[in-house]
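Okay, so here's the structure we're looking at.
The values are calculated or read from the model by the stated rules, or taken from the named source; none is laboratory data. Since we're looking at a predicted model, the values are computed, not measured. Note: ideal-geometry Cβ built from the backbone for every residue, glycine included; neighbour counts use all protein chains shown. Accessible surface areas use protein heavy atoms only, side chains included; no ligands, DNA or RNA. Shrake-Rupley method; radii C 1.70, N 1.55, O 1.52, S 1.80 Å.
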Amino acid sequence: FQKSLNETFGADKYSEARKEVLTNMFSRPMQMALYFCTGVLEDETLFRHYALNVPFYTHFTSPIRRYADVIVHRLLSASLGASPPIKMDKEAIQKQADHCNDRKMASKRVQELSTDLFFSIFVRVRA
């Protein structure tokens, strides 16, 4: 699929922009990952990562990037005994996870609308 897409992008000054926009549009149907507190979910099958086919999965990046990553780092550090426990109950952690999910979804929606606008202008100019 990727090979056939690369052949259609062309080699003009807009080829990279077309590639980025179309790749983004094709990946939209994929389900986004959600943050959640494991303590509020009773069904452990919800902890799995579908694409990696692993039963338990967590993901985080550098804690300077996103608040959700700061929370994960603090929880991991506390669970390993490297720092004191976090003074938040599981409901408060889930509330923070819900807020992070809401902000992530809003950001993704703005990105999609921006891509749609770019693509519309691109089609109009090229037509």
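Observations
- Qualifying residue in the range 6-17 (condition: open to solvent by 60 Å² or more (accessible area, probe 1.4 Å), over 23 Å from ARG126 (Cβ atoms) and part of a helix (DSSP H, G or I)): no
- LEU76 falls short on exactly one of the conditions (1) under 30 Å from PHE9 (Cβ atoms); (2) modelled with pLDDT of 85 or more; (3) surrounded by 11 or more Cβ atoms within 10 Å (Cβ to Cβ), and that condition is (1).
- Consider the range 20-32 and keep the residues that are open to solvent by 70 Å² or more (accessible area, probe 1.4 Å) and part of a loop (DSSP other than H, G, I, E, B). The one that is modelled with the highest pLDDT is GLN31.
Matching residues to (1) surrounded by fewer than 12 Cβ atoms within 10 Å (Cβ to Cβ); (2) on the phi > 0 side of the Ramachandran plot; (3) assigned to a helix (DSSP H, G or I); (4) touching a residue at least 60 places away in the same chain (Cβ under 8 Å):
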| residue | (1), (2), (3), (4) |
| --- | --- |
| LYS87 | yes, no, no, no |
| GLN94 | no, no, yes, no |
| ARG103 | no, no, yes, no |
| ARG109 | yes, no, yes, no |
| VAL123 | yes, no, yes, no |
